[in-house]
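Below is one structure, written out as structure tokens; comments come after it.
The values are calculated or read from the model by the stated rules, or taken from the named source; none is laboratory data. Values in this document were obtained by computation on a predicted structure and should not be read as measured data. Cβ placement follows ideal geometry from the backbone for every residue including glycine, while neighbour counts extend to all protein chains displayed. Just the protein is used for accessible areas: all its heavy atoms, side chains included, with ligands, DNA and RNA removed. Shrake-Rupley method; radii C 1.70, N 1.55, O 1.52, S 1.80 Å.
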Amino acid sequence: MSSLLESTLSGLTPRRGKVRDIYDFGDKLLFVATDRISAFDHVLPTGIADKGRVLTKISEFWFGKLGVPNHLISMDVSTLPLPEGTNVAALDGRSMVVRKTQVVPIECVVRGYLAGSGWKEYQKSGTACGIKLPDGLQESAQLPEPIFTPATKEESGHDINISFERMCEIVGQPLSEKLRDLSLEIYRRGAEYARERGIIIADTKFEFGQIGDELLLIDEVLTPDSSRFWPVSEYEPGRSPPSFDKQFVRDWLVESGWDKESAPPALPDHVVDKTRAKYIEAYEKLSGQSFPWK
């Protein structure tokens, strides 16, 4: 997929993330979600077919559903001055034309359930990201209220959890309070809707950018890559539910004996197929629409 996109947009140099390639067109950016998949801070040699399209379609859905100011301009890449000979079909469904913003250097994380690193910390200290929680909570328990747990944006490796006070030192108190309140509001609205569609959004992270005084929701929104999705039908406090994200990939990598330091192994077909199916299922449950690239 990456080599195809590079030849498709020859002459343009992307800023490459683990999943997305970003092309600069002056005051606009082209976001291209590839089929790359990462786990344990490694990009794997095997992609998941149509994963980029699923993530893009889910973000497009939420940008429209939430009604929050955001950076999306168009899903039509032909609105950009693309290089001559660009294979637009290769970009179809996995690309967004967006406004260029000054990115706020904070991951705005919201947790509604006790899972992952939050559960591990709670077992030791009764806190999640330093926030005191009630005693006696079980793994995967719904929190009394969603909590805001910001993190720094790191170019490589894991983002680093920080306190709200530290966030205020980095970006200022007025902006920090606005980001906190907006993140909690978006999460509550999204989680309520998703639960009605059979999906629990246990936690998520948002990114924001600014153009002057305007604050915009950017990047991907409430996707299986930026969030922890659980099926309502299989949720039970006290255990970790199955998920709609890349958990199949993580589980297989652990079972394979990979040391998480050397080059990761290729994924077998059954893991790729199962992972693709779960991503598509998440989109179809949320949107109520059939995935166009089945």
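Going by the structure shown, is residue 36 of a type outside the set (Phe, Trp, Tyr), farther than 29 Å from residue 288 by Cα and either at pLDDT 95 or above or open to solvent by 10 Å² or more (accessible area, probe 1.4 Å) (or both)? Spelling it out, it is not the case that residue 36 is of a type outside the set (Phe, Trp, Tyr), farther than 29 Å from residue 288 by Cα and either at pLDDT 95 or above or open to solvent by 10 Å² or more (accessible area, probe 1.4 Å) (or both).
Would a scan of the stretch 93-106 turn up a residue that is free of Cβ contacts under 8 Å to residues at least 40 places away in the same chain and either surrounded by fewer than 15 Cβ atoms within 10 Å (Cβ to Cβ) or over 29 Å from residue 285 (Cα atoms) (or both)? Don't jump to the end; show me each part of the working.
Taking the stretch 93-106 first, the residues free of Cβ contacts under 8 Å to residues at least 40 places away in the same chain are none.
No.
Every test in (1) modelled with pLDDT of 95 or more; (2) hydrophobic (A, V, I, L, M, F, W, C); (3) farther than 30 Å from residue 171 by Cβ; (4) assigned to a loop (DSSP other than H, G, I, E, B) is passed by residue 68 save one, and that test is (3). You will find that of 73, 48, the residue that is modelled with pLDDT of 90 or more, open to solvent by 60 Å² or more (accessible area, probe 1.4 Å) and either closer than 20 Å to residue 207 by Cα or in contact with a helix residue (DSSP H, G or I) (Cβ under 9 Å, 6 or more places away or on another chain) (or both) is 73 and no other.
In the stretch 218-276, of all residues being open to solvent by 30 Å² or more (accessible area, probe 1.4 Å) and of a type in the set (S, T, N, Q), the one that is modelled with the lowest pLDDT corresponds to 247. Pairs please, first residue from the stretch 12-34 and more than 18 Å from residue 58 (Cα to Cα) and in a strand (DSSP E or B), second anywhere and polar (S, T, N, Q) and open to solvent by 70 Å² or more (accessible area, probe 1.4 Å), Cβ atoms under 6 Å, 6+ apart in sequence or on different chains. Correct list of pairs: empty, since none qualify. Name the one entry in 178, 132 that is within 28 Å of residue 240 (Cα to Cα) and open to solvent by 70 Å² or more (accessible area, probe 1.4 Å). Every option except 132 fails the conditions. Within the stretch 100-137, the set of residues being more than 24 Å from the chain's Cα centre (by Cα) and part of a loop (DSSP other than H, G, I, E, B) comprises 126, 133, 134, 135, 136, 137.
Among the residues of the stretch 34-45, those that are in contact with a helix residue (DSSP H, G or I) (Cβ under 6 Å, 6 or more places away or on another chain) and farther than 21 Å from residue 116 by Cα comprise 34, 35. Whenever a residue of the stretch 124-141 is closer than 21 Å to residue 164 by Cα, its partners that are open to solvent by 60 Å² or more (accessible area, probe 1.4 Å), lying with C-beta atoms within less than 6 angstrom and at least six residues away or across chains, give the pairs 129/161.
Annotation note: Cβ proximity below 7 Å between a residue of the stretch 253-264 that is assigned to a loop (DSSP other than H, G, I, E, B) and a residue that is among the aromatic types (Phe, Trp, Tyr) (sequence gap 6+ or interchain) occurs for 260/40; 264/258.
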